[in-house]
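These notes concern the structure reproduced below.
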Amino acid sequence: MEKVRNYTLKIWRQPNAQSKGEFKTYEVKNISTGSSFLEMLDILNEEISEAGEDPVHFDHDCREGICGMCSLFINGRPHGPEEEITVCQLHMRTFPNNTTITIEPWRAKAFPVIKDLIVDRSAFDRIIQSGGFVSVNTGSVPDGNAIPIPKQNADLAMDAAACIGCGACVAACKNASAMLFVSAKVSQLALLPQGQVERKKRALAMVDQMDKEGFGSCTNTGACEAECPKGIDLSNIARMNREYFTASLTS
Amino acid sequence: MSLDSKIPEGPLAEKWTKHQFNLKLVNPANKRKYDIIVVGTGLAGGSAAASFGELGYNVKSFCYQDSPRRAHSIAAQGGINAAKNYKNDGDSVFRLFYDTVKGGDYRSREANVHRLSEVSNNIIDQCVAQGVPFAREYGGLLDNRSFGGAQVSRTFYARGQTGQQLLLGAYSALSRQIAAGKVTMFTRTEMLDVVIIDGKARGIVTRNMVTGKIESHSAHAVVLATGGYGNVFFLSTNAMGCNASAAWRAYKKGAFFGNPCYTQIHPTCIPVHGDQQSKLTLMSESLRNDGRVWVPKELSVSEKLRRGELKPKDVAEEDRDYYLERIYPSFGNLVPRDVASRNAKNVCDEGRGVGETGLAVFLDFRDAIARDGEDTIRAKYGNLFQMYEKITADNPYKTPMMIYPAVHYTMGGLWVDYNLQTTIPGLFAAGECNFSDHGANRLGASALMQGLADGYFVLPYTIGDYLTGVPIKKIDTDHEAFTEAEQVIKDRIHKLLNIKGTKTVDHFHKELGKIMWEKCGMARNEKRLKEAKVEIQQLREEYWKDVKILGVNEELNMTLEKAMRVADFMELGELMVDDALDRKESCGGHFREESQTEEGEAKRDDENFSYVSAWEFKGEGAPAKLNKEALVFENVKLTQRSYK
Ligand SMILES: Cc1cc2nc3c(=O)[nH]c(=O)nc-3n(C[C@H](O)[C@H](O)[C@H](O)COP(=O)(O)OP(=O)(O)OC[C@H]3O[C@@H](n4cnc5c(N)ncnc54)[C@H](O)[C@@H]3O)c2cc1C
Ligand code: SF4
Ligand code: FES
């Protein structure tokens, strides 16, 4: 295996939300196969900055697959070709030498582009604000062990809670549906005793907010699950649908 | 100015309870008339903002990411300590207190640490009530593990994602207050200065990172919870955006900076692969429970390994140096973080390091796999091995892992009194950005605990006491103090954008990182520290002449954001060196070469250095002034650490 590789990059450039974007082509050379995808973009940015061109803007922070900030659509797939990882965990050894890589932002009506590859995902925050919590104030709560929780439920809740709010599920979906994201939070709290009191209200409010934000409907295609970097399971969507229907019937 | 730590009188175990009773309360009807600014939405800031909102205050919350849920607390893997003693293995508030003071190498305040231990239990209860899915046993009760060499199992965890789950808990509480209209959230907003009026913190100036707009926000009190400054070193386990700017600006407005030279270097990170590296990834410390650390005995063998002419598994047993087991027979591979890190650096400096760069040591699971079977090892470390393989393309079941130390946490930070107030009245600091509870070395699973203790259980009490003395009348952002502060920032941005030099911001950041790592890292001596001081000054001068920043202020400009942060790092770096120069003892994670035992181990000097260094800004270009807060130990006996 060669230690360094060369690529042609086709990158979406868009100065701001108002302007129309377009693809621009760049060449990068001598990229170490051990570099991460974002390090490759850092190198490109150093080079184009030196040549006086505005660097390519993209969201990133932790660079270890947990903050959910990175969000690139690479060769037609959110977070690129590998399974169950984020862009920041993607390494250049995955991409053959002398190939072209296309890089776009998440595309969805509810996620407008801010600049280049950066989109506005505040819709996700507003969905959580509509009901993704347990209404307890600080202090005056029972002892942590007062309510035993079957390990199996705790584990399932943890599976759902692993969502990093990246939005790849929306980007992957042809309808730009946010069902996987919303169902992960609804499921986590529906599975735990602490979430029971507000269970119905929560499901209704969160689904309602999701619709208001302009996300599309779910047609059970499963593209979201296939692209989710945290392996959030489709069964969460089924659980949320049950929660929602029970709640609408009884309220 | 004299330092008053405001530690309450009375027996250790009663201080906090008594203090809570003595703190003045804000009349419930008046709470909604007070505004509080909280900068940062990590465990400390998120929990504080949510709790203030619940109490009825008006809160403005700020973060630089696109969502409060992405603060770097999210990356913590291992766990959070609490003195619940659910395991009945002899834990208690006093034992957690004792271990934490000892772990900090007797450079923290007894009273603060005891309070931390006391509220640790409330944190777990709070998080469970929020729906944090902690690991559980088959009986349905909370599971614990022992962490970082602790002799009791007191660490609560949520798989390898404890920080994420705790943060999402705080974020959900914060979201609820946002929905209730008690907290106004400002994302993609960077705080660039704190505004002082009549000697009190009355607001901040920020930059909207999307539009570039410089804005003022006024309040009755300001809380900084902006995290640590490990990115001074360029490479660290911190997120790319972690910065010191908020704390540094506060320092330059009069808040003292405590123990800036105290940095923690974590021994088990994935080694640097080359110049293109942008950040370092931590591998959980738990790996040292089963992995054996070694390098070849002979330089020539290391060289062959580096060139790829020899495979690690083909190095004969007698040619391997399991140096931790050799030097520390009783603790072996489980020596504390600082000892493991320093020894790794030593063997690499001798030229016996491995990996392409020679800056790595092996962490070998061969013997553990032979002893317990691959399945057992997979059950314990499967996800870590997988993560390692993703990054390095090496399979740790087949070939030893490679690790190297990396900067991980900063114990230093803004100096605060017992109420978490800085030396500027009305300016509070919480979480990693204050200096308070970890002394010279932080124990594993204690930073999450501290962040949430500060935010949920300390600040909500102490800030009320402060507010009772502040007039309700608001100050308008038209006030000249705000317009002046805005102008200073606009000028600074203008100056940076107009340097139009030849070298990128990253170039300078990397250079700074190299100086700090080589000369103000794990091992220090006077000569190299003095060199570092001069080098940093030169680099800073060059920066302001030759840095190249493209684009304009009026739109999203990540180079400009970074340029402002790096400018601050370059000033803070020098203060870290000053502090390291002053501390002529070895303590905690810091090995001062002039202060060692005959066996070459760290030697603490309690007689001369049992103090907190609180640095005071004395004006641009003038040397900072060192103020000392004496540390008094009444409840623990000071001992030298020994791991032989
Ligand atoms: C990889 C890793 C693993 C760790 N594992 C553990 C562990 O297992 N157990 C443990 O106890 N500790 C662990 N730690 C340490 C612990 O995670 C941190 O010390 C702690 O989470 C810090 O919390 P915080 O709230 O103080 O700051 P952070 O979570 O860093 O939050 C800082 C906040 O401030 C904001 N901010 C910063 N600067 C500005 C500015 N200028 N303007 C506006 N906003 C700003 C950010 O947006 C963010 O919201 C780990 C740390 C790392 C890096
Ligand atoms: S469900 Fe998966 S893809 Fe969607 S936001 Fe969560 S982690 Fe990202
Ligand atoms: S940068 Fe944090 S998940 Fe990728």
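The values are calculated or read from the model by the stated rules, or taken from the named source; none is laboratory data. As the structure is a computational prediction, the values presented were derived from the model and not from experiment. Cβ placement follows ideal geometry from the backbone for every residue including glycine, while neighbour counts extend to all protein chains displayed.
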ask   = Looking only at segment A:1-37, which residues are within 25 Å of the chain's Cα centre (by Cα) and of a type in the set (S, T, Y)?
value = A:S19, A:S35, A:S36
query = Given the conditions (1) exposed (fewer than 14 other Cβ atoms within 10 Å of the Cβ); (2) on the phi < 0 side of the Ramachandran plot, which single one is not true for A:N220?
reply = (2)
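Somewhere in segment B:74-89, is a residue in contact (Cβ under 8 Å) with a residue 12 or more places away in the chain and within 16 Å of ligand 2 (Cβ to nearest atom)? Show your work before the answer.
The initial filter retains those residues of segment B:74-89 that are in contact (Cβ under 8 Å) with a residue 12 or more places away in the chain, namely B:74-87, B:89.
Narrowing further to those that are within 16 Å of ligand 2 (Cβ to nearest atom): B:74-75.
Yes, because at least one residue in segment B:74-89 is in contact (Cβ under 8 Å) with a residue 12 or more places away in the chain and within 16 Å of ligand 2 (Cβ to nearest atom).
Whether any residue in segment B:401-410 is within 14 Å of another protein chain (Cβ to nearest Cβ), aliphatic (A, V, I, L, M) and within 13 Å of ligand 1 (Cβ to nearest atom) is what I want to check.
Just the residues of segment B:401-410 that are within 14 Å of another protein chain (Cβ to nearest Cβ), to begin with: B:402, B:406, B:408.
From the residues that got through so far, the ones that are aliphatic (A, V, I, L, M) too are B:402, B:406.
Filter again for within 13 Å of ligand 1 (Cβ to nearest atom), leaving B:406.
Within segment B:401-410, one or more residues are within 14 Å of another protein chain (Cβ to nearest Cβ), aliphatic (A, V, I, L, M) and within 13 Å of ligand 1 (Cβ to nearest atom).
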Cross-chain or 6+ apart pairs with Cβ under 6 Å, segment B:212-223 first and touching a residue at least 12 places away in the same chain (Cβ under 8 Å), then among the acidic types (D, E) and part of a strand (DSSP E or B) = B:A219/B:D35; B:H220/B:D35
ask   = Of all residues in segment B:210-239 being of a type outside the set (V, I, T) and surrounded by fewer than 22 Cβ atoms within 10 Å (Cβ to Cβ), which is farthest from ligand 3 (Cβ to nearest atom)?
value = B:S218
note = The one condition A:N97 fails out of (1) assigned by TED's automatic domain parsing to the domain that holds A:G34; (2) within 16 Å of ligand 3 (Cβ to nearest atom); (3) not β-branched (V, I, T) is (2)
remark   = The condition of being under 13 Å from A:I127 (Cβ atoms), away from ligand 3 (no atom under 16 Å from the Cβ), without any contact (Cβ under 8 Å) to a residue 60 or more places away in the chain and part of a helix (DSSP H, G or I) holds, among A:S183, A:S187, A:S248, only for A:S183
message = Suppose we keep only residues that are polar (S, T, N, Q), over 19 Å from the mean Cα position of the chain (by Cα) and in a loop (DSSP other than H, G, I, E, B) within segment A:63-102. Which one would you say is farthest from ligand 1 (Cβ to nearest atom)?
response = A:N98
message = Which count do you get for residues in segment B:604-644 that are in a loop (DSSP other than H, G, I, E, B), charged (D, E, K, R) and surrounded by 17 or more Cβ atoms within 10 Å (Cβ to Cβ)?
response = 2
query = Cβ-Cβ below 7 Å, separation at least six or inter-chain, first residue in segment A:26-43 and more than 9 Å from chain B (Cβ to nearest Cβ) and buried (at least 20 other Cβ atoms within 10 Å of the Cβ), second modelled with pLDDT of 95 or more and part of a helix (DSSP H, G or I): which pairs?
reply = A:F37/A:V87; A:F37/A:M92
task = Kindly provide the set of residues from segment A:141-177 that are outside any helix (DSSP H, G or I), within 28 Å of A:P112 (Cβ to Cβ) and more than 8 Å from ligand 2 (Cβ to nearest atom), ordered by number.
result = A:C173, A:K174, A:N175, A:A176, A:S177
request  = Kindly establish whether A:R77 is touching a residue at least 60 places away in the same chain (Cβ under 8 Å), within 14 Å of ligand 2 (Cβ to nearest atom) and basic (K, R).
outcome  = yes
Segment B:420-437, subset of a type outside the set (G, A, S), touching a strand residue (DSSP E or B) at 6+ places or on another chain (Cβ under 8 Å) and part of a loop (DSSP other than H, G, I, E, B), residue nearest to B:G228 (Cα to Cα) = B:F435
Residue satisfying all of: in segment B:274-297; part of a loop (DSSP other than H, G, I, E, B), surrounded by 19 or more Cβ atoms within 10 Å (Cβ to Cβ) and not polar (S, T, N, Q); nearest to the other protein chains (Cβ to nearest Cβ) among these = B:K279
ask   = Which one of the conditions (1) surrounded by fewer than 20 Cβ atoms within 10 Å (Cβ to Cβ); (2) touching a strand residue (DSSP E or B) at 6+ places or on another chain (Cβ under 9 Å); (3) away from every other protein chain (no Cβ under 13 Å) does B:S108 fail to meet, given that it meets all the rest?
value = (1)
key: Complete set of residues in segment B:111-158 that are away from chain A (no Cβ under 14 Å), outside any loop (DSSP other than H, G, I, E, B) and surrounded by fewer than 20 Cβ atoms within 10 Å (Cβ to Cβ)   = B:R145
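Here is a check on your reading of the model: is B:G230 more than 27 Å from B:Y418 (Cα to Cα), within 14 Å of chain A (Cβ to nearest Cβ) and not hydroxyl-bearing (S, T, Y)?
Spelling it out, it is not the case that B:G230 is more than 27 Å from B:Y418 (Cα to Cα), within 14 Å of chain A (Cβ to nearest Cβ) and not hydroxyl-bearing (S, T, Y).
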query = Before we move on, is A:C218 in a helix (DSSP H, G or I) and in contact (Cβ under 8 Å) with a residue 40 or more places away in the chain?
reply = no
task = Scan (1) surrounded by fewer than 22 Cβ atoms within 10 Å (Cβ to Cβ); (2) at the interface with chain B (Cβ under 10 Å from one of its Cβ atoms); (3) in contact with a Cys (Cβ under 9 Å, 6 or more places away or on another chain) for the single condition A:C163 breaks and write down its number.
result = (1)
ask   = Can A:L72 be described as within 12 Å of ligand 3 (Cβ to nearest atom) and either in the same structural domain as A:V170 (by TED's automatic domain parsing) or at pLDDT 95 or above (or both)?
value = yes
